[in-house]
Amino acid sequence: MKLTALCGCATLFALSHTAHAESWQQSGEVQIQQRGFFQKSPHSDKAPKHWQGAFMVEPLWQKVTESSLTSVKLFGRIDSHDKARTHWDIRELSYLTYWGDYEFKIGIDKVFWGVTESQHLVDVINQTDSVEGFDGEDKLGQPMVQFKAIKEIGTFDFWLLPYFRARTLASTEGRLALPTPLQDAQYESSNEQHTLDFAIRYSHTIEDWDIGVSYFNGTNREPYLQHSLSGITPFYAQMWQLGTDIQGVFGDWLLKFEAIHRDSLESHFAMTTGFEYTQVGIFDTAMDLGWIAEYSFSEQENAINQNDVFVGWRLAFNDMDGYEVLFGLNQDLDSQHTFSAKLEASGRLGENWKWQIDAWAFASNNLSEPLFIFKDEDFVEASLSYYF
Amino acid sequence: MKIAIKATLITGLMATSLMSAFTGHADQSKGLELAKLRKQADSGWQDSQATLTMELKNAAGDTSLRKLRIKSLEVNNDGDKGLTIFDTPRDVKGTAFLNHSHAAKPDDQWLYLPALKRVKRIASRNKSGPFMGSEFAYEDLSSFELEKYTFHFIEETTLGDQGVYLIEQVPVDRYSGYTKQRVWLAKSHYQPLKVEFYDRKNALLKTLELKDYQKYLEKFWRANTLVMNNVQTQKATTLTTTKLKFKTGLEVNDFNKASLKRAR
């Protein structure tokens, strides 16, 4: 907690320090969203039968100087039913300064590692804000101190991560929830959330290859779900992880590979590998069609991507309104009737508005598959955003 | 008699082909010479920072405006480096595009998506794709390098009231979206006034007009207005430079993946 406080103080100091000279730029997003579920919840009568609505706001303030960048990004969502989905967060509250080949950052921020599309194995700095979206792309802000050195032989990053954020999980008053009520989280570390984690990463571009090697030591972002009569208790164990991500570019092709060895309550190896192939200007139009295929393997038996294939198509219209459609299918190779499918479509309406429609379908007839609990949660989600 | 006719025919054919080979060589060397003058006239600017607007117009006449900034670094003996930051449309604000042009091999390109904090590599083939939904392809905005084309001088002519050299340039890169480009170079400053782009079927696809030339640092001629017309779809894009500064002190470490992430 001391470190978090220190971190916050330093950020505030940095913020006040830079508060003169140049002005703050304000921008952000306001969104209304409606979800429609095809079936009623199999787990809870309190959950909405078909309709779940939400309102979201995400303002961002930034200040840029010759040698620094200060960001404040807040986030809040109000959900019509789910108290767990009604939440707020500090996505960013950070001060970054740079000189020569070095960068130093203090505060709350988000870090992304990796290259694959169907899942992000090596990416472990930030906790997933899983009530936000089913794809796991949304993250909670993480307090950090970061030092970066960009050298001829590659880029070196070091992080100190004071404070741990528990994963957001839908409650039984909402949809896409776990089958029984959630209990308070438990931790392997006696310091619970007040741990000091650290991470290092080396990355480099050599000709047509982007490579990365990362090491993380701290609290496992992925909870072990412990079932009991009173409900489900998320248990956060300690872990260390060694990861690598490699990407090669060859003409129309991007080749991708991510792998981790993670030592937590148990020790396991997992990987995702595949390609992205882009057809530019299909059917003599300005449209691009991207083909994505990825294979995932994990030694962890209850992993979602234990032995799975993902195939996806992304159609970019390259028009004034930026229309884009993505369709993806994730098939479990061990269980023929276990798969998930998603369809995403989005476009701009004028200069400031954007619409997005996401549809998900889940299927499983195998009780032991992690996807089984979602089999009656097929839904369509429509969002309308105003950007300011 | 028959044989004699054949022989004359063959000699005639040989002569014409020899001649065309000879003139072809002359066209090529003159074309290359003019391209060298073009490159030379625009060398030594070191770095620049520009603020631009891009107006997209569809066939129905609807328009949409984008605002962007481009930082550029001149690199000797290779392609230039460029960093483009998008300010509008608002939903892509903060998106940044890093381009390392190369003389002899495909450019290296990365895109930074601020919402995901993710840097994505762009496949080299995408160079022929549209830049931000505009009529400019990524490759149209890449730096001009001699190694990227073979040049043929066509003729000396006039464009409006200006004396010009008409040159045909054929892209070397097989991932280029064009079979050839016809370039009208101003005799006065060796910079292009007009470019025609021919698609993979060798049909005219786009015409680019470069207007409002201004002399910077008493040496470098830059067009402040670029109008790209797609003659096949009737869509058009106008790229207007509203601010341009040279020798601003940018360095090579302002053009790597780390600087892409902090570009604003």
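The values are calculated or read from the model by the stated rules, or taken from the named source; none is laboratory data. Values in this document were obtained by computation on a predicted structure and should not be read as measured data. Because the Cβ atoms are built from the backbone with ideal geometry, glycine has one as well, and the counts that use them run over all protein chains shown.
Does residue B:124 qualify as being within 28 Å of residue A:115 (Cβ to Cβ), more than 14 Å from chain A (Cβ to nearest Cβ) and surrounded by 20 or more Cβ atoms within 10 Å (Cβ to Cβ)?
Values: within 28 Å of residue A:115 (Cβ to Cβ): yes; more than 14 Å from chain A (Cβ to nearest Cβ): no; surrounded by 20 or more Cβ atoms within 10 Å (Cβ to Cβ): yes.
Against the criterion (within 28 Å of residue A:115 (Cβ to Cβ), more than 14 Å from chain A (Cβ to nearest Cβ) and surrounded by 20 or more Cβ atoms within 10 Å (Cβ to Cβ)), residue B:124 does not qualify.
So which of A:340, A:383 ends up being within 14 Å of chain B (Cβ to nearest Cβ), within 20 Å of the chain's Cα centre (by Cα), under 30 Å from residue A:77 (Cβ atoms) and of a type outside the set (Lys, Arg)? Outline the logic, then answer.
Working: A:340 fails: within 14 Å of chain B (Cβ to nearest Cβ).
Selected residue: A:383, the only one of A:340, A:383 that is within 14 Å of chain B (Cβ to nearest Cβ), within 20 Å of the chain's Cα centre (by Cα), under 30 Å from residue A:77 (Cβ atoms) and of a type outside the set (Lys, Arg).
Looking only at the range B:23-68, which residues are over 17 Å from the mean Cα position of the chain (by Cα), assigned to a helix (DSSP H, G or I) and farther than 16 Å from residue B:149 by Cα?
Within the range B:23-68, B:23, B:26 meet the criteria.
Restricting the search to the range A:149-167, which residues are within 21 Å of residue A:223 (Cβ to Cβ) and surrounded by fewer than 19 Cβ atoms within 10 Å (Cβ to Cβ)?
Within the range A:149-167, A:166, A:167 qualify.
For every residue, the table says whether it meets (1) surrounded by fewer than 16 Cβ atoms within 10 Å (Cβ to Cβ); (2) more than 11 Å from chain B (Cβ to nearest Cβ).
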position: A:238; (1), (2): no, yes
position: A:250; (1), (2): yes, no
position: A:274; (1), (2): no, yes
position: A:283; (1), (2): yes, yes
position: A:294; (1), (2): no, yes
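Name the single residue that is modelled with the lowest pLDDT among those in the range B:83-113 being away from every other protein chain (no Cβ under 12 Å) and in a loop (DSSP other than H, G, I, E, B).
Here the answer is B:104.
Return yes when residue B:208 is away from chain A (no Cβ under 14 Å), within 25 Å of residue B:63 (Cα to Cα) and free of Cβ contacts under 8 Å to residues at least 40 places away in the same chain and no when it is not. Don't jump to the end; show me each part of the working.
Values: away from chain A (no Cβ under 14 Å): yes; within 25 Å of residue B:63 (Cα to Cα): yes; free of Cβ contacts under 8 Å to residues at least 40 places away in the same chain: no.
No, not satisfied.
Within the range A:240-261, how many residues are more than 26 Å from residue B:106 (Cα to Cα) and without any contact (Cβ under 8 Å) to a residue 24 or more places away in the chain?
Here the count works out to 1.
Can you tell me which residue is nearest to the other protein chains (Cβ to nearest Cβ) among those in the range B:132-142 that are surrounded by fewer than 22 Cβ atoms within 10 Å (Cβ to Cβ) and not in a helix (DSSP H, G or I)? Talk me through it step by step, then tell me what you get.
In the first step, residues of the range B:132-142 are kept if they are surrounded by fewer than 22 Cβ atoms within 10 Å (Cβ to Cβ); the result is B:132, B:136, B:138, B:141-142.
If we keep only those that are not in a helix (DSSP H, G or I) as well, we get B:132, B:136, B:142.
Details: B:132: 9, B:136: 11, B:142: 15 Å.
Among residues in the range B:132-142 that are surrounded by fewer than 22 Cβ atoms within 10 Å (Cβ to Cβ) and not in a helix (DSSP H, G or I), the one nearest to the other protein chains (Cβ to nearest Cβ) is B:132.
Going through B:237, B:233 one at a time, which residue ends up being β-branched (Val, Ile, Thr), within 20 Å of the chain's Cα centre (by Cα) and either over 30 Å from residue A:152 (Cα atoms) or part of a strand (DSSP E or B) (or both)? Outline the logic, then answer.
Details: B:233 fails: within 20 Å of the chain's Cα centre (by Cα).
Residue meeting the stated conditions: B:237.
Checking the condition in contact (Cβ under 8 Å) with a residue 60 or more places away in the chain and part of a loop (DSSP other than H, G, I, E, B), which residue from B:178, B:190, B:165 passes? Give the derivation first.
Numbers: B:178 fails: in contact (Cβ under 8 Å) with a residue 60 or more places away in the chain; B:165 fails: part of a loop (DSSP other than H, G, I, E, B).
Among B:178, B:190, B:165, only B:190 is in contact (Cβ under 8 Å) with a residue 60 or more places away in the chain and part of a loop (DSSP other than H, G, I, E, B).
For the range A:345-380, name all the residues that are within 14 Å of chain B (Cβ to nearest Cβ) and either under 18 Å from residue A:303 (Cβ atoms) or within 20 Å of the chain's Cα centre (by Cα) (or both). Working first, answer last.
The first filter runs over the range A:345-380 and keeps only residues within 14 Å of chain B (Cβ to nearest Cβ), leaving A:346-356.
Selection gives A:346, A:356.
Closer than 20 Å to residue A:289 by Cβ, within 14 Å of another protein chain (Cβ to nearest Cβ) and in contact (Cβ under 8 Å) with a residue 12 or more places away in the chain: is that true of residue A:322 in this structure?
Values: closer than 20 Å to residue A:289 by Cβ: yes; within 14 Å of another protein chain (Cβ to nearest Cβ): yes; in contact (Cβ under 8 Å) with a residue 12 or more places away in the chain: yes.
Criteria met by residue A:322.
May I ask you to list the residues in the range B:41-65 that are at the interface with chain A (Cβ under 10 Å from one of its Cβ atoms), among the charged types (D, E, K, R) and surrounded by 13 or more Cβ atoms within 10 Å (Cβ to Cβ)? Talk me through it step by step, then tell me what you get.
Going residue by residue through the range B:41-65, those that are at the interface with chain A (Cβ under 10 Å from one of its Cβ atoms) are B:56-58, B:62-65.
Subsequent filtering for residues that are among the charged types (D, E, K, R) retains B:57, B:62.
Across the range B:41-65, the qualifying residue is only B:57.
I'd like to check something: does the range B:242-255 contain any residue that is touching a Leu at 6+ places or on another chain (Cβ under 9 Å), more than 30 Å from residue A:63 (Cα to Cα) and in a strand (DSSP E or B)?
Checked the range B:242-255: no residue is touching a Leu at 6+ places or on another chain (Cβ under 9 Å), more than 30 Å from residue A:63 (Cα to Cα) and in a strand (DSSP E or B).
From the set of residues in the range B:242-260 that are buried (at least 18 other Cβ atoms within 10 Å of the Cβ) and more than 9 Å from chain A (Cβ to nearest Cβ), which is nearest to residue B:86 (Cα to Cα)?
In the first step, residues of the range B:242-260 are kept if they are buried (at least 18 other Cβ atoms within 10 Å of the Cβ); the result is B:246, B:250, B:254-256, B:258-260.
With the extra rule that they be more than 9 Å from chain A (Cβ to nearest Cβ), the set shrinks to B:246, B:250, B:254-255, B:260.
Details: B:246: 20, B:250: 19, B:254: 17, B:255: 16, B:260: 12 Å.
Filtering the range B:242-260 for residues that are buried (at least 18 other Cβ atoms within 10 Å of the Cβ) and more than 9 Å from chain A (Cβ to nearest Cβ), the one nearest to residue B:86 (Cα to Cα) comes out as B:260.
Those residues that are of a type in the set (Lys, Arg) and closer than 18 Å to residue A:84 by Cβ, I need them from the range A:162-205; list them, please. Please lay out each step first, then the result.
Step one: of the range A:162-205, the residues of a type in the set (Lys, Arg) are A:165, A:167, A:175, A:201.
Matches in the range A:162-205: A:165, A:167, A:175.
How many residues are surrounded by fewer than 19 Cβ atoms within 10 Å (Cβ to Cβ) and either without any contact (Cβ under 8 Å) to a residue 60 or more places away in the chain or touching a helix residue (DSSP H, G or I) at 6+ places or on another chain (Cβ under 8 Å) (or both) if we restrict to the range B:228-241?
2
Could you tell me which residue of the range B:69-82 is surrounded by the most Cβ atoms within 10 Å (Cβ to Cβ), considering only residues that are outside any loop (DSSP other than H, G, I, E, B) and away from chain A (no Cβ under 14 Å)?
Only one residue fits best here, namely B:72.
What tally of residues in the range A:215-230 results from selecting those that are surrounded by fewer than 20 Cβ atoms within 10 Å (Cβ to Cβ) and in a strand (DSSP E or B)?
7
Residue by residue through the range A:202-218, note down the ones that are farther than 18 Å from residue B:99 by Cα and not hydroxyl-bearing (Ser, Thr, Tyr). I'd like the intermediate steps shown before the answer.
Pass one, the range A:202-218, residues farther than 18 Å from residue B:99 by Cα: A:202-203, A:211-218.
The answer is A:211, A:212, A:213, A:216, A:217, A:218.
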